[in-house]
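Data first, discussion second: the structure below is written as C-alpha cells.
The values are calculated or read from the model by the stated rules, or taken from the named source; none is laboratory data. In this text the structure is predicted, and so the values were computed from the model without any measurement. Methodologically, a virtual Cβ is constructed for each residue, glycine included, from the backbone with ideal geometry; neighbour enumeration extends over all protein chains shown.
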Amino acid sequence: MTDWDAAKYHRISDPQLAWGRAVAARLVPVPGERILDIGCGTGRLTSEIAAQPGIVVIGLDRSAAMLQEAAKHGAAIKRPTMYVRGDGSALPFVNAFDAVFSAATLHWIPDHDRLFASIFAALKSGGRLIAQAGGAGNLDRLYGRARHLMASERYAEYFTSWGEPCHFENVPETERRLRRAGFSDIDVSLVIAPVPFEQPERHAEFVAAVCLRHQLHRLPEADRGAFMQQLTDEALKDDPPLTLDYWRLNITARKARG
C-alpha cells in the first residue's frame with residue numbers, strides 16, 4: 001500500500017476536518033482524561049483536542065508520512081501531543097484511555113471485529129468510543145464509475161488482482177459488532193454528507209489524493225491524467241455537478257464499568 005502525500009492531505013482535507021470537529025464536539029473531555037485519536041493523520045484535530053486544559057492526547061496512525069507531518073505542525077503551533085505509529089485493530093494499549101476518538105479512518109481498517117475488540121481493550125472501565133467513518137453507500141457513484149473504468153480494455157491489465165482498500169459498513173452490522181466486543185450504550189447512525197467543489201481542478205485533486213490514490217498508483221503515470229479526466233468529465237454532468245456522495249457512519253459506545 002502506498003503512503004499518503006501527507007502535505008497535500010493536510011492542505012486539502014477541510015471536509016474531513018469539518019466532520020471531525022463535529023465528532024470531537026461529542027467527546028466533552030474533562031481535565032485529567034487520556035484520549036487516543038485513531039487515524040490522527042496530520043494532527044489537525046489531535047492538536048485541537050489537546051489544546052483543552054488538562055487533556056492528554058495520543059495520536060495514532062499507520063502512515064509514517066502522516067505522523068511526520070503531524071509532528072511538524074504540532075511543533076509549529078506549540079501544542080504538545082504524543083504520536084505513535086500503529087494499527088487500530090492491534091492497539092498496544094490495555095485499560096489506558098478514558099476515550100477513543102476517530103474521524104474518517106475506521107473504513108480503512110478491514111476487520112471491524114478485531115478493531116472494536118482492540119478499542120475495547122484499550123479503554124478504561126467506563127471509557128467511551130466516539131467515532132465517525134465512511135458508511136454504507138459512501139462514494140458509491142464515484143467508486144462505481146472508477147470500477148467501470150478499471151474494467152475497461154484500456155486499464156483492465158493493471159487491476160487483475162485488485163481488492164477494495166475500504167470497508168464501508170452499515171448500521172445494524174456495526175451495532176452487532178460493538179455488542180460482540182462488549183460495548184454498551186451503543187448509538188450508531190448513517191447520514192449523508194455531500195461534498196461539492198466549485199472547480200473541476202479542485203475536485204480532481206481531492207479525488208486523486210484522497211479517494212482514488214490506490215487505484216491511481218496501479219496505473220502508469222502517463223495514464224493517470226486521462227483516467228482522472230474521464231471521471232471529472234462525468235462528475236461535471238451530475239446534478240449538482242462536482243459533488244462527492246459521502247455517507248458518514250456515526251458511532252458512540254461505552255465500555256461498561258466493572
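Take the residues of the range 198-241 that are under 27 Å from ASN170 (Cβ atoms) and more than 20 Å from the chain's Cα centre (by Cα): which is surrounded by the most Cβ atoms within 10 Å (Cβ to Cβ)?
LEU231
State all residues of the range 151-175 that are in a loop (DSSP other than H, G, I, E, B) and either within 17 Å of ASP223 (Cα to Cα) or not hydrophobic (A, V, I, L, M, F, W, C) (or both); if no residue qualifies, say none.
Answer for the range 151-175, where residues must be in a loop (DSSP other than H, G, I, E, B) and either within 17 Å of ASP223 (Cα to Cα) or not hydrophobic (A, V, I, L, M, F, W, C) (or both): ALA151, SER152, GLU153, ARG154, TYR155, THR160, SER161, GLY163, GLU164, PRO165, HIS167, ASN170.
For the range 122-134, indicate whether the set of residues that are in contact (Cβ under 8 Å) with a residue 24 or more places away in the chain, surrounded by fewer than 20 Cβ atoms within 10 Å (Cβ to Cβ), outside any strand (DSSP E or B) and of a type in the set (A, V, I, L, M, F, W, C) is non-empty.
Looking through the range 122-134, none of the residues is in contact (Cβ under 8 Å) with a residue 24 or more places away in the chain, surrounded by fewer than 20 Cβ atoms within 10 Å (Cβ to Cβ), outside any strand (DSSP E or B) and of a type in the set (A, V, I, L, M, F, W, C).
Given (1) loosely packed, with under 15 Cβ neighbours inside 10 Å; (2) under 17 Å from SER102 (Cβ atoms), where does TYR246 come up short, assuming only one miss?
TYR246 satisfies every listed condition except (1).
So which residues in the range 150-161 are surrounded by fewer than 15 Cβ atoms within 10 Å (Cβ to Cβ) and either closer than 24 Å to ASP113 by Cβ or modelled with pLDDT of 95 or more (or both)?
Listed by number, the residues that qualify are ALA151, SER152, GLU153, ARG154, ALA156, GLU157, THR160.
Among the residues that make up the range 80-89, is at least one of them touching a residue at least 40 places away in the same chain (Cβ under 8 Å) and closer than 16 Å to ALA131 by Cβ?
Yes - at least one qualifying residue is present in the range 80-89.
Name the one entry in PHE197, PHE206 that is among the hydrophobic types (A, V, I, L, M, F, W, C), in contact with a His (Cβ under 7 Å, 6 or more places away or on another chain), over 23 Å from THR252 (Cβ atoms) and at pLDDT 95 or above.
PHE197
Given the options LEU27, LEU106, LEU60, name the one that is aliphatic (A, V, I, L, M), at pLDDT 95 or above and farther than 27 Å from HIS214 by Cβ.
Result: LEU27 is the single residue among LEU27, LEU106, LEU60 that is aliphatic (A, V, I, L, M), at pLDDT 95 or above and farther than 27 Å from HIS214 by Cβ.
Scan the helices (runs of 4 or more DSSP H) fully inside the range 176-258 and keep the ones with 2 or more residues being of a type in the set (A, V, I, L, M).
Hits in the range 176-258: 221-236.
Determine which single condition VAL23 fails, assuming it passes every other condition in (1) of a type in the set (A, V, I, L, M, F, W, C); (2) over 22 Å from ARG180 (Cβ atoms); (3) without any contact (Cβ under 8 Å) to a residue 60 or more places away in the chain.
Status for VAL23: all satisfied but (3).
Right, PHE120: closer than 18 Å to LEU178 by Cβ and either β-branched (Val, Ile, Thr) or out of contact with any Asp or Glu (no Cβ under 9 Å at 6 or more places or on another chain) (or both) or not?
yes
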